[in-house]
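Taking it in order: structure first as structure tokens, then the write-up.
Derivation of every value follows stated rules applied to the coordinates shown; laboratory data play no part. The structure displayed is predicted, hence computed values, not measured ones. Cβ sites come from the backbone with ideal geometry, for glycine too, and all protein chains shown count toward neighbours.
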Amino acid sequence: MDKKMPKKISLKDFGMEKIILIAIAGIVLLAANFSEWKNSSSKTSEKQEKSIETSQNDAYVEALENKLVHILENVDGVGKAEVMITLKSSKESVLNKDLSEEKQTEEERSGETQKVNKNQKKQEETILSDSSGNSAPYVIKELEPEISGIVISCEGAGNKVVEASVLEAVQVLFGVSANHIKVLKMEVAK
């Protein structure tokens with residue numbers, strides 16, 4: 001029984017052109033995979049930032065709602081109250097900007113003196129760095145999210161005096177116009 005030994009394949013059998021083509025194909029596949037990974041990681045970080053922003057907004061709204069419910073329930077005639085607040089925008093940070101350059105130029109055309117004033121201004125954000133090399137923009141102030149509307153449901157809203165008092169209190173607290181506030185009578189469980 002004579003078994004044939006499998007033929008060993010060597011690099012010479014493939015030829016240099018095929019080896020180079022295989023290597024290039026491998027590099028292309030790696031590059032495509034890397035760019036896809038990079039895109040997916042940037043999308044993931046954007047989703048995480050939006051998720052953090054949303055949770056911060058939710059916490060802000062919940063705190064406002066809880067404070068308002070606490071205040072309203074301690075007002076004579078209001079009774080039990082529930083509140084819903086909606087936001088128009090999210091929290092905004094105002095960054096410090098330095099005015100770096102201002103130029104004024106005059107031009108002459110074809111022997112005639114023609115004055116053309118061009119003003120150029122560049123603004124650059126101020127960046128703060130710590131000793132470990134971390135950097136962040138310099139924030140001058142942070143603006144809280146703008147309130148879009150408020151709905152209040154309370155037991156005492158059937159009384160016009162109580163309803164007017166609740167409406168006025170909410171206007172004073174949040175600076176929201178009356179057409180963005182609705183006071184409803186809460187149905188009393190029997």
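Apply the Karplus curve 6.51 cos²θ - 1.76 cosθ + 1.60, θ = phi - 60°, to the phi angles in the stretch 163-168 and return the couplings in whole Hz, x for Gly and Pro.
4, 5, 5, 5, 4, 5
Under the 0.36 nm per residue contour assumption, what length would be gained going from the current alpha-carbon distance of W37 and A23 to full extension? Present the calculation step by step, with values, prior to reporting the outcome.
Working: separation 14, 0.36 × 14 = 5.04 nm, distance 2.09 nm.
Gain on stretching W37 to A23: 2.9 nm.
Ranked from highest to lowest mean number of other Cβ atoms within 10 Å per residue, what is the order of the peptides 172-185, 152-165? Walk me through the intermediate numbers first.
Working: 172-185: 13.5, 152-165: 17.1.
The densest-packed peptide leads the list: 152-165, 172-185.
Amide H to amide H, which residues 5 or more places from I147 or on other chains are under 5 Å from it, using H placed in the peptide plane?
K88
Filter K91/K185; K67/K141; K91/K160; K80/K141 down to the pairs with a C-alpha to C-alpha distance above 30 Å, please. Walk me through the intermediate numbers first.
Details: K91/K185 32 Å; K67/K141 24 Å; K91/K160 35 Å; K80/K141 37 Å.
As for pairs spanning more than 30 Å Cα to Cα, those are K91/K185; K91/K160; K80/K141.
For the peptides 54-66, 18-30, what is the packing order when you average, over each peptide's residues, the other Cβ atoms within 10 Å and list the highest mean first? Intermediate results must be reported in sequence, preceding the final value.
Values: 54-66: 13.2, 18-30: 10.4.
So the order, starting with the most tightly packed, is 54-66, 18-30.
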